[in-house]
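These notes concern the structure reproduced below.
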Amino acid sequence: QVQLVESGGGMVQAGGSLRLSCAASKTSFTINSMTWYRQAPGKQRELVALITGGGTTNYADSVKGRFTISRDNAKNAVYLQMNSLKPEDTAVYYCYAVVIGAGYWGQGTQVTVSS
């Protein structure tokens with residue numbers, strides 16, 4: 001069973017930065033796509049950023065130019081650098097990875113941006 005462990009969440013003022021990390025364990029297989037989602041209170045979970053095994057990236061319009069997704073294949077890890085944070089970025093952020101066609105979720109990490 002693949003496990004994803006996120007870290008790096010916290011509380012920051014508007015305009016600040018945070019860097020989220022997600023590391024996959026218990027797998028020796030190459031991870032295909034890795035994705036960050038977020039879910040704010042009372043809202044549906046939404047895709048924030050995705051990176052394929054080949055390094056192609058895709059972002060939600062709301063975070064383009066502010067967030068950057070990257071990965072380290074040797075460590076089976078994905079990162080989300082979040083700059084110019086806004087109060088509306090407040091949410092629980094989840095890591096999602098596809099390994100040999102099966103999807104796995106992390107436990108989530110809280111990001112709170114105060115105005």
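The values are calculated or read from the model by the stated rules, or taken from the named source; none is laboratory data. As the structure is a prediction and not an experimental result, all values here were calculated from the model. Quick reminder, even Gly has a Cβ in these numbers, built from the backbone with ideal geometry, and neighbours come from all protein chains shown. For accessibility, only protein heavy atoms count, side chains too; no ligands or nucleic acids. Shrake-Rupley method; radii C 1.70, N 1.55, O 1.52, S 1.80 Å.
Find the lysine pairs in region 17-108 meeting two conditions, Cα atoms under 24 Å apart and a separation of 8 or more places or different chains, and report how many there are.
4
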Charge dipole magnitude, Cβ of K and R +1, D and E -1 - the chain, Cα centre, debye nearest 20: 60 debye
Which of the chymotrypsin sites (Phe, Trp or Tyr not before Pro) found in region 19-115 are in a DSSP loop and have at most 12 neighbouring Cβ atoms, other than their own, within 10 Å? 29
For a paramagnetic label modelled at 7 Å from the Cα of residue 100 toward its Cβ, which residues of region 1-41 fall within the zone defined by backbone nitrogen distances under 15 Å? 1-3, 25-32
Could you list the trypsin sites (Lys or Arg not before Pro) in region 7-115 that lie in coil according to DSSP, counting only those with at most 16 other Cβ atoms within 10 Å of their Cβ? 26, 43, 45, 64, 66
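For region 1-73, what is the accessible area per residue in Å² when the probe is 1.4 Å?
Per-residue value: 56 Å².
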Calculate, for residue 64 and residue 43, the FRET efficiency according to 1/(1 + (r/R0)^6) with r their C-beta to C-beta distance and R0 22 Å; round to the nearest 0.05. 0.70
